[in-house]
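The values are calculated or read from the model by the stated rules, or taken from the named source; none is laboratory data. Please read all numbers here as calculations on a predicted model, not as lab measurements. No Cβ is skipped: glycine too gets one built from the backbone with ideal geometry, and neighbour counts run over all protein chains shown. Ligands, DNA and RNA are excluded from the accessible area calculation, which covers all protein heavy atoms including side chains. Shrake-Rupley method; radii C 1.70, N 1.55, O 1.52, S 1.80 Å.
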Amino acid sequence: MLTRVKSAVANFMGGIMAGSSGSDHANSSELPVRFPYGRPEFLGLSQDEVECSADHIARPILILKETKRLPWTTGYAEVINAGKSTHNEDQASCEVLFVKKKPGILATPSKNSTKRRSSLPNGEGIQVKESPETDGITLSYWALFDGHAGAGAAVVASKLLQHHIVEELQGLVEILRNSAVLPPTCLGEDPEAATANNRTLTRAASLRGAAGTPGSPSTPQTRFFTEKKIPHECLIVGAIENAFKEMDLQIEQERSMYSISGGCTALVVVYVLGKIYVANAGDSRAIIIRNGEIIPMSSEFTPETERQRLQHLAFMQPHLLGNEFTHLEFPRRVQRKELGKRMLFRDFNMTGWAYKTIEDDDLKFPLIYGEGKKARVMATIGVTRGLGDHDLKVHDSNIYIKPFLSAVPEVKVYNLLQYEHGADDVLILATDGLWDVLLNEEVAEAVTNFLANCDPDDSNRYTLAAQDLVMRARGVLKDRGWRISNDRLGSGDDISVYVIPLIHGNKL
Ligand code: MG
């Protein structure tokens with residue numbers, strides 16, 4: 001075990017260990033792909049252009065064509081990696097979607113969406129683009145996916161996640177369009193179950209009354225009927241969270257029919273009913289720049305930021321470690337000669353460090369090992385949330401990583417209508433290829449300066465700003481590789497950037 005982990009550790013590459021993605025489906029390479037590899041549909045590239053974009057030496061920066069427009073005149077630019085993978089494993093999608101109320105549906109979300117498998121969204125039958133909002137709501141959608149160990153999961157997510165969001169929201173249309181007090185069914189129960197539960201409560205209250213509880217025996221106490229008021233915003237957050245889980249489940253189920261390689265992070269923005277919802281699962285990042293001020297709109301999910309969740313899971317379910325790893329963290333690898341000696345350690349329930357006496361179990365490889373971008377879960381993967389990765393195992397073992405990975409995003413909400421925005425106020429979304437080499441402050445300064453020098457009426461200004469950011473992160477190819485300002489190393493990763501103007505909110 002130690003040898004194979006050592007050899008794997010010596011071979012860090014990207015967000016995942018090279019060669020560590022085994023597949024249970026022996027003939028998976030013979031299965032058809034779910035969707036062919038390509039670049040984002042909204043770029044409108046020909047096959048020749050897609051091939052030209054995959055030049056790892058020239059690394060051309062792709063931007064929106066003049067003839068193409070994204071919602072809100074959003075800017076977009078991307079560049080392929082410097083050779084770490086054949087394909088650009090970042091993917092993107094952006095569109096306006098119409099969420100139509102499900103015919104005949106009560107204002108009731110599905111009781112348990114994970115049981116609905118007969119109607120997996122496949123991108124068909126969903127009404128897209130503007131439509132009269134008499135029986136539905138319109139939403140704008142932007143997404144970035146950063147794939148690892150293949151582009152398969154990222155491509156699938158870029159085609160389908162938006163339809164899972166639409167499906168989750170369909171059951172909420174009536175509620176969201178009506179500001180009346182939420183009915184009990186908004187708590188996730190179906191009407192029949194809610195009625196049955198109310199009957200149970202009524203009966204329990206009556207019995208308590210009959211047993212001498214203060215209050216009239218025949219009048220149930222109102223406290224049994226109190227109900228949390230759930231803001232509409234929370235329903236939308238829940239719908240997005242469920243959509244991510246459904247997408248992950250669909251990938252899991254469809255891998256018996258299709259070849260869906262690897263996994264991916266997902267950063268999604270949904271604008272609906274005056275608010276922006278930023279959902280992040282992985283290590284991409286979103287920031288708002290408003291009047292020069294930086295407002296972080298996401299957190300990264302890595303082995304370091306999620307250490308306690310991962311350690312706790314391993315503590316509760318030690319079989320997931322395959323008797324090869326320890327859930328405890330030590331400042332360095334423990335050596336056999338240190339048995340019986342004292343060393344600093346950290347458990348799942350600690351933020352600080354304490355001493356313990358080293359035992360045999362502590363000689364196992366740590367669940368989380370490495371620092372910063374090199375931190376890995378079980379010496380394998382450097383992101384802890386995302387989609388896919390169902391077949392990912394520790395190198396040369398039967399230990400699955402997936403139980404430690406979460407598909408659930410963190411969702412942050414920004415009330416667009418609460419502020420008056422200027423033409424230079426923007427929401428920036430980018431994969432880690434940008435943020436690995438540029439600080440938030442550098443990005444904010446670059447965008448602010450760039451936009452200040454653009455014609456405010458030029459609708460192409462946000463695409464040019466995105467292009468400028470990708471250029472700053474990629475740099476130029478010199479004798480010693482890609483270099484950016486101050487002769488720092490440029491990003492050799494795939495880089496994808498949206499610049500979304502928020503002034504659109506003033507017109508809503
Ligand atoms: Mg990346």
### Query
Roughly what % antiparallel, to the nearest 5, for the DSSP beta bridges in region 338-411?
90
### Task
Give me the distance in nm between label points sitting 7 Å out from Cα along the Cα-to-Cβ direction at GLU51 and GLU304, one decimal.
4.2
### Query
What ranking do 287-294, 145-152, 473-480 get when scored by the average of other Cβ atoms within 10 Å per residue, highest first?
145-152, 287-294, 473-480
### Task
Apply 1/(1 + (r/R0)^6) to the Cβ-Cβ distance of VAL96 and ARG332, taking R0 = 51 Å, and write down the FRET efficiency to the nearest 0.05.
0.45
### Query
For ASP493, which sequence-distant residues (separation of 5 or more, or a different chain) have an amide H within less than 5 Å of its own amide H, given hydrogens modelled in the peptide plane?
ALA82
### Task
For a label point 7 Å from the Cα of LEU339 along Cα→C-beta, name the residues of region 349-381 whose backbone N is under 16 Å from it.
357-365
### Query
Which three extents, in whole angstrom, do the alpha-carbon atoms of region 356-493 cover along their principal axes, largest first?
66, 47, 34
## Note on the structure
Taking only the alpha-carbon atoms of region 365-442, the convex hull volume per residue, in cubic angstrom, is 142
### Task
Determine the distance separating the Cα centre of region 390-465 from the Cα centre of region 26-102; give it in Å without decimals.
17
### Task
Any chance you could list the semi-axes, whole Å, largest first, of the equivalent ellipsoid that the Cα gyration tensor gives for region 317-386, using √(5λ)?
21, 14, 12
### Message
Heavy atoms only, 1.4 Å probe, whole protein assembly: order TRP353, TRP142, TRP482 by accessible area, highest first.
### Response
TRP353, TRP482, TRP142
### Task
Subtracting the Cα-Cα distance from 0.36 nm times the residue separation, let me have the gained length for GLN253 to ILE230 in nm, one decimal.
5.0 nm
## Note on the structure
Filtering chymotrypsin sites (Phe, Trp or Tyr not before Pro) in region 387-436 by DSSP loop and by at most 15 other Cβ atoms within 10 Å leaves TYR419
### Query
List the GluC sites (Glu not before Pro) in region 354-414 that DSSP assigns to loop (not H, G, I, E or B) and whose Cβ has at most 13 other Cβ atoms within 10 Å. Which are they?
GLU359, GLU371
### Query
Probe 1.4 Å, all protein chains in place: accessible area of SER53 in Å², nearest 10?
10
### Query
Given the Cα-Cα distance of ILE294 and THR448 and 0.36 nm per residue of separation, how much length would full extension add, in nm?
54.3 nm
